[in-house]
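To keep things clear, I will list the structure first and then write my remarks on it.
The values are calculated or read from the model by the stated rules, or taken from the named source; none is laboratory data. Computed from a predicted structure; not experimentally measured. Note that we place each Cβ from the backbone using ideal geometry, even for glycine, and neighbour counts take in every protein chain shown.
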Amino acid sequence: MTDPGAPAYRYYSSTSSSDSQHQGSRGDYEELGRLRLNPSLSDPDYLIFKLRRPIVEKWCAAIGDVDLVVLDIGGRIQPYRSFLQTSAKHYVAVDLMLEGLVNVVATGEKLPFMDGCCDLVLCNDTFQYVPNPASAVNEIYRVLRKGGRLILSTRGSYPEHHDEYWRFLPNALRHLTTAFSKVEVAPEGYSAAGMAILVNVLLHRSIRADWLNRIARITTIPFLNLLGLWLDRFFVGHTRSTCGYSLLAVK
């Protein structure tokens, strides 16, 4: 087991990827992170990231501590790392492949770190890909110090994507995190936004013609995003079709 805050800490890698390959892709992945933090209206997933950002930002700002050891599970692009710019002393990203901004190759169900070594675990848009979410939550709980926090975001109602196993509702997230002393689940928007995301993704993800994509990105995609954002004001509290949820859990 390793301490991610140790000065000598570098890679735990089961791949043959070289440092140069890893470093060469950093700029692209940093740009992807910026686009997720500040999504474009021309993105069918705009509402997901638009509505998630203030939730994660608020929870990160409320931590207040400095010199944090942060573990980012599935952290290839790290869109919310900037929220911890002044408070994170060590920031370590885990994923199945050493690509983008990843430091450690490992699974969420088997983290190569010591008990109680992390102050904060981030896990955004990753949990739907984890084969054994209960095992992953147990590992997260183990590596968190007492009082440490988990900030997790995942999909609720959303069209099937590649390699996914799960969709999560609030009761499932609470059930998985019963060992934590405090749990808060926040919907990322309400049913109107969820339906707009659903229609946007189903209509536009399958477009193959470049000219149709160009037209959609300046017409139907922005229109549906703005319509969902506007209509959501009339659906406050209605979450039967909410696209995603964020969770804050304190050990």
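See the values below:
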{"item": "Residue among GLY100, GLY108, GLY116 that alone is among the small types (Gly, Ala, Ser), in contact with a Ser or Thr (Cβ under 9 Å, 6 or more places away or on another chain) and closer than 20 Å to VAL250 by Cα", "result": "GLY108"}
{"item": "Residue list for segment 51-74, restricted to those being acidic (Asp, Glu), at pLDDT 95 or above and outside any helix (DSSP H, G or I)", "result": "ASP72"}
{"item": "When residues of segment 187-216 are limited to those that are touching a residue at least 24 places away in the same chain (Cβ under 8 Å) and of a type in the set (D, E, K, R), the one surrounded by the fewest Cβ atoms within 10 Å (Cβ to Cβ)", "result": "ARG205"}
{"item": "Qualifying residues in segment 217-238 (those that are surrounded by 20 or more Cβ atoms within 10 Å (Cβ to Cβ) and either modelled with pLDDT under 95 or hydrophobic (A, V, I, L, M, F, W, C) (or both)) - the one farthest from GLY156 (Cα to Cα)", "result": "ILE221"}
{"item": "Boolean, VAL183 is surrounded by fewer than 21 Cβ atoms within 10 Å (Cβ to Cβ), under 18 Å from the mean Cα position of the chain (by Cα) and farther than 16 Å from GLY156 by Cα", "result": "yes"}
{"item": "Among residues of segment 108-119, those that are in contact (Cβ under 8 Å) with a residue 60 or more places away in the chain and either basic (Lys, Arg) or under 25 Å from GLY244 (Cα atoms) (or both), counted", "result": "0"}
{"item": "Among the candidates SER17, SER13, SER42, SER25, residue that is surrounded by 13 or more Cβ atoms within 10 Å (Cβ to Cβ), more than 17 Å from the chain's Cα centre (by Cα) and at pLDDT 90 or above", "result": "SER42"}
{"item": "Hits in segment 50-106 (condition: without any contact (Cβ under 8 Å) to a residue 60 or more places away in the chain, under 17 Å from ALA186 (Cα atoms) and out of contact with any Leu (no Cβ under 7 Å at 6 or more places or on another chain))", "result": "PRO54, GLU57, LYS58, ALA61, ALA62"}
{"item": "Residue within segment 114-136 that is assigned to a loop (DSSP other than H, G, I, E, B), among the acidic types (Asp, Glu) and in contact with a Gly (Cβ under 9 Å, 6 or more places away or on another chain) present", "result": "yes"}
{"item": "Odd one out for TYR158, checked against (1) within 28 Å of TYR141 (Cβ to Cβ); (2) modelled with pLDDT of 95 or more; (3) among the aromatic types (Phe, Trp, Tyr)", "result": "(2)"}
{"item": "LEU120 being under 13 Å from LEU71 (Cα atoms) and either of a type in the set (S, T, N, Q) or more than 17 Å from the chain's Cα centre (by Cα) (or both)", "result": "no"}
